[in-house]
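Please read the structure below before turning to the comments.
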Amino acid sequence: MNLTQDTSVFPDTEHSNGTGTKQVNHSITYSWSHMNVYTKNGKSRSVYDTLTSCCSGNLKTKTENKQLLNDVSGLAKPGELLALMGSSGAGKTTLLNSLTFRSDRNVMESGVRSINGVPVNSKLLTAVSAYVQQHDLFIGTLTVREHLTFQAMVRMDRHIPYEKRMARVEDVIQELSLTKCQNTIIGVTGRIKGLSGGEMKRLSFASEVLTDPPLMFCDEPTSGLDSYMAQNVVSVLKSMASKGKTIICTIHQPSSEVYSMFDKILLLASGRTAFLGSTNDAIDFFKTLGVSCPKNHNPADFFIQLLAIVPSQEICSYETIDTVCEAYESSNYKGEIIEHQRQLSIANK
């Protein structure tokens, strides 16, 4: 099936776009199967290794391929906020880059990404999705409204009349709670006073949702924010997901309040899937393995610490990861995902 020719892969739902008309919204279940990522031979050397080789004259030495992702599969459904979690080096950013066709040239990757059971390429994914980068990029001398007006003029479909573009800007300003700062200069950190960190992040979301994409990817949306601002930003994502969008984000050490907002979590450990399911199911899954999150303890911290590679305890850490990942692979949680992917594939044959 050709995704560009058959739009039946997008179940239609109607919603008001704030202009007095009804707008068709396409729901997306985004899935990925058997994602494997390797560094290319000789491309994973550190600066220290390179300098050492130069000093010794051994410039031809190459490092072996390193596997960054190991057979990772999963899916995210409409109306869900999915968080990719794990310790540093677990593969969160690598997976997000792979899912969005943004992997570095120095890696080799394999696997299938699908929308509603139909395999997609980079061009097709870009047409129906938005990507919010970790670091905000703005023209600091513009106001919030000026920035969104500019974005609406250059990014929205050229057939949309000016009045509807401006109506969409109004909708987004209200939806992302930017009304109070709509006439505030964005600012430049350390040079021009402007928006707060939370307002800046909400403006990033606003820029991407102008075109009303059904699928969104966010790289570390709470990075650099205090706990209150982080909670505020994730609540915005949660609100957008509740309107039928499919949202996937990476997150680093969320607070217990932020963690509770996620519909699903994907725990990564050493490039492998340790768990994918609801936050409540995660607690139950680890209980079956004989490890329970203590009361009044942040579950996110508990999972990340459990699956981290501890210096000087590498062997024990890898044994724990193997146990958890193998248990997940044979669990009903993984079985349900495989069955869901199979049903989507059958429906589109």
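The values are calculated or read from the model by the stated rules, or taken from the named source; none is laboratory data. Computed from a predicted structure; not experimentally measured. Positions of Cβ are generated from backbone atoms using ideal geometry, with glycine treated the same way; all protein chains shown enter the neighbour counts.
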- Message: If ASN298 satisfies all but one of (1) closer than 17 Å to MET85 by Cα; (2) touching a strand residue (DSSP E or B) at 6+ places or on another chain (Cβ under 9 Å), what's the number of the condition it fails?
- Response: (2)
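Would you confirm whether any residue within segment 209-225 is part of a helix (DSSP H, G or I) and of a type in the set (D, E, K, R)? Don't jump to the end; show me each part of the working.
Restricting attention to segment 209-225, the residues satisfying the condition of being part of a helix (DSSP H, G or I) are 209.
Within this subset, residues satisfying the condition of being of a type in the set (D, E, K, R) are none.
No, there is no match, as no residue in segment 209-225 is part of a helix (DSSP H, G or I) and of a type in the set (D, E, K, R).
Quick test for you: out of SER256, SER278, SER227, SER270, pick the one residue that is free of Cβ contacts under 8 Å to residues at least 24 places away in the same chain, farther than 23 Å from ASP212 by Cβ and of a type in the set (Gly, Ala, Ser).
Working: SER256 fails: free of Cβ contacts under 8 Å to residues at least 24 places away in the same chain; SER227 fails: free of Cβ contacts under 8 Å to residues at least 24 places away in the same chain; SER270 fails: free of Cβ contacts under 8 Å to residues at least 24 places away in the same chain.
Result: SER278 is the single residue among SER256, SER278, SER227, SER270 that is free of Cβ contacts under 8 Å to residues at least 24 places away in the same chain, farther than 23 Å from ASP212 by Cβ and of a type in the set (Gly, Ala, Ser).
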- Task: Consider THR273 carefully, then state whether it is surrounded by 14 or more Cβ atoms within 10 Å (Cβ to Cβ), within 19 Å of ASP219 (Cα to Cα), polar (S, T, N, Q) and at pLDDT 95 or above.
- Result: yes
- Residue hits (segment 136-176; over 16 Å from VAL209 (Cβ atoms), without any contact (Cβ under 8 Å) to a residue 40 or more places away in the chain and part of a loop (DSSP other than H, G, I, E, B)) are LEU137, ARG158, HIS159, PRO161
- Message: Tally up the residues in segment 172-218 that are of a type in the set (D, E, K, R) and within 24 Å of the chain's Cα centre (by Cα), please.
- Response: 6
- Query: From SER110, SER88, which residue is part of a strand (DSSP E or B) and surrounded by fewer than 16 Cβ atoms within 10 Å (Cβ to Cβ)?
  - Reply: SER110
- Task: Looking only at segment 197-250, count how many residues are aromatic (Phe, Trp, Tyr), crowded, with 20+ Cβ neighbours inside 10 Å and farther than 13 Å from ALA76 by Cβ.
- Result: 1
- Task: Determine if segment 183-191 includes at least one residue that is more than 30 Å from VAL37 (Cα to Cα) and free of Cβ contacts under 8 Å to residues at least 12 places away in the same chain.
- Result: yes
